[in-house]
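Student: Structure in structure tokens, see below.
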């Protein structure tokens, strides 16, 4: 029998069982989440403060008015880092932690797909696609490790 959206067992509501909340993330999970949050913050801050330098590291030539694009990316990374960092801490934050991890996994999946599309259409060079897509893949893997352990 399916549960109604208002019932306490609904998949639309966060779990309230104390048994579910008593499991704390293991060291690997917590480490992956911390690394993911910190590297997102560093990447985001670098893109906002020095977008030309940062895009140059990834071999993506951006200059002039187009420098707004890495700054937008940097803001997104900063927001994802903040969501992840502030969701950590207590056992009651597991639902928010999962939501923050899923948001990052979704963004990183789209980044990998965008790199593949850019490479296929010739809009992105192989080194740029490898560096940027590789970074997104690492973020995706860290997010998956975090989700698996939460």
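Student: Using the alpha carbons of the range 26-149, what is the convex hull volume per residue in cubic angstrom, as a whole number?
Tutor: Enclosed volume per residue, from the Cα hull, is 89 Å³.
Student: Just subtract the alpha-carbon distance of residue 113 and residue 50 from 0.36 nm times their residue separation and send over the number in nm, one decimal.
Tutor: 20.2 nm
Student: Let me ask something additional. Report the label-to-label distance for residue 63 and residue 28 in nanometres (one decimal), using points 7 Å from each Cα along the Cα→Cβ vector.
Tutor: Rounded to a tenth, the inter-label distance reads 4.7 nm.
Student: OK, next. Between residue 93 and residue 148, what is 0.36 nm times their sequence separation minus the Cα-Cα distance? Round to one decimal in nm.
Tutor: The span from residue 93 to residue 148 would gain 18.2 nm if fully extended.
Student: Defining a contact as two alpha carbons under 8 Å apart and six or more residues distant in sequence, what relative contact order in percent does the range 26-149 show?
Tutor: 33 percent
Student: Applying a 10 Å radius around every beta-carbon, put 60-69, 101-110 in order of their mean neighbour count, most first.
Tutor: 101-110, 60-69
FYI, it's all coordinate maths here, none of it is from the lab. Small disclaimer: the values here were computed from a predicted structure and weren't measured. Positions of Cβ are backbone-derived with ideal geometry, glycine not excepted, and every protein chain shown enters the neighbour counts.
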